[in-house]
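*Asks:* Take this structure first; my questions come after.
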Amino acid sequence: MPDQFVSGAPRAAFAADAPPLARARLGGRLERLSFGGVFGLLGLVAAVLLLAPTVIVVITSFTSGYSLKFPPAGYSTRWYEALFNDSPELVDAFVLSLKLAACATAVSVVLAVAAALALARRREAWARAAEAMFLSPLMLPALAIGLSLLMLFNLAGTGLSFGTLVLGHIAITTPYILRTTSASLAQMDGVLLESAHSLGASSPYAFRTVTLPLIGPGIAAGAFIGFMYSFDNVAVSLFLSDARSEVLPIRMWHIIESNLDVRAAAVSGVLVAATVVLMVAMERVAGISRHMR
């Protein structure tokens, strides 16, 4: 390095500028650390508030007592054994909930994919209005949706049945599948479809061989979310279920309301474990978090 840059006036100027620069770097580092620390602490508090009720219920499900009490006086798997061996009404309600969620999700997938294909790449005002209408159940309270559907079916004179319950669940699950499918379509390169058509592929063939494989993970992610929401829904099921269509959430509501049966905690433990396993599996297969961004 030339001497004029390391001696004399330039050296004095460099020495005078060094401390403010170091202080600025230290201040920036402390600011980043304090920002990350505050938001990390807030995130930890939020995670504890969200997970604590679930953890308490799971721990309580292993109680050896006869009532829901935390902390348990002792620990046992007796209530899980009673759940599988002596609770036919809960098993029947579980099977009915599976059937309901499967039917609603299957129909919702067809409706949501068709709506997404029609609306995802359009920018007209009517398309945006139609999309907002389809997604409106995400913004409305579930109790309001259940009550309005009950009034609609009463005005139509159809009464309540398993079919009306399926229709109600279709209304609340379709928006989730539409949202993830539209996101997948927005990320798809339109040149691929143009290339398929230029090579002579018909629209159904191009959809089956190009579009569907690309948006399949988004459809699967939305179907999983819609299935879990339908299976776990209380508000709409409470308004639309009849005496022969008592789904698992409603059955659990009744046994907790009447005598705080510990089997409800055991059912919750099974559902929590199944949900975690399914979430991990779907994250690996479809990448749920990627399609919900």
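The values are calculated or read from the model by the stated rules, or taken from the named source; none is laboratory data. Since we're looking at a predicted model, the values are computed, not measured. A quick note on method: Cβ atoms are made from the backbone with ideal geometry, for glycine too, and the neighbour counts reach across all protein chains shown.
*Asks:* Out of all the residues in the stretch 86-117, which are without any contact (Cβ under 8 Å) to a residue 24 or more places away in the chain and under 13 Å from ALA223 (Cβ atoms)?
*Replies:* ALA106, VAL110 - these are the residues of the stretch 86-117 that are without any contact (Cβ under 8 Å) to a residue 24 or more places away in the chain and under 13 Å from ALA223 (Cβ atoms).
*Asks:* OK, next. So which residues in the stretch 56-74 are loosely packed, with under 13 Cβ neighbours inside 10 Å and free of Cβ contacts under 8 Å to residues at least 40 places away in the same chain?
*Replies:* Matches in the stretch 56-74: LYS69, PHE70, PRO71, ALA73, GLY74.
*Asks:* On to the next question. With respect to the numbered conditions (1) within 16 Å of the chain's Cα centre (by Cα); (2) among the hydrophobic types (A, V, I, L, M, F, W, C); (3) farther than 27 Å from SER245 by Cα, which one is the sole condition not fulfilled by ALA118?
*Replies:* (1)
*Asks:* Could I ask something else about it? Quick check on this structure: which one of LEU185, LEU238, LEU193, LEU214 is surrounded by fewer than 20 Cβ atoms within 10 Å (Cβ to Cβ) and over 26 Å from LEU138 (Cα atoms)?
*Replies:* Of LEU185, LEU238, LEU193, LEU214, the one residue that is surrounded by fewer than 20 Cβ atoms within 10 Å (Cβ to Cβ) and over 26 Å from LEU138 (Cα atoms) is LEU193.
*Asks:* Next question. Take ALA142 and tell me if it is modelled with pLDDT of 85 or more and aliphatic (A, V, I, L, M).
*Replies:* no
*Asks:* Quick check on my filter: what residues within the stretch 34-59 are modelled with pLDDT of 80 or more and of a type in the set (Gly, Ala, Ser)?
*Replies:* GLY40, GLY43, ALA46, ALA47, ALA52
*Asks:* For the stretch 60-105, name all the residues that are among the hydrophobic types (A, V, I, L, M, F, W, C) and within 24 Å of the chain's Cα centre (by Cα). Even if it seems obvious, please write down each step before you answer.
*Replies:* Going through the stretch 60-105, the residues among the hydrophobic types (A, V, I, L, M, F, W, C) turn out to be 62, 68, 70, 73, 79, 82-84, 90-91, 93-96, 98, 100-104.
The answer is ALA93, PHE94, VAL95, LEU96, LEU98, LEU100, ALA101, ALA102, CYS103, ALA104.
*Asks:* Can you find a residue that is modelled with pLDDT of 85 or more and within 19 Å of ARG121 (Cβ to Cβ) anywhere in the stretch 220-238?
*Replies:* Checking the stretch 220-238: at least one residue is modelled with pLDDT of 85 or more and within 19 Å of ARG121 (Cβ to Cβ).
*Asks:* Where in the stretch 193-262 are the helices (runs of 4 or more DSSP H), entirely inside, with at least 2 residues that are among the aromatic types (Phe, Trp, Tyr), assigned by TED's automatic domain parsing to the domain that holds LEU96 and within 28 Å of the chain's Cα centre (by Cα)?
*Replies:* 212-232
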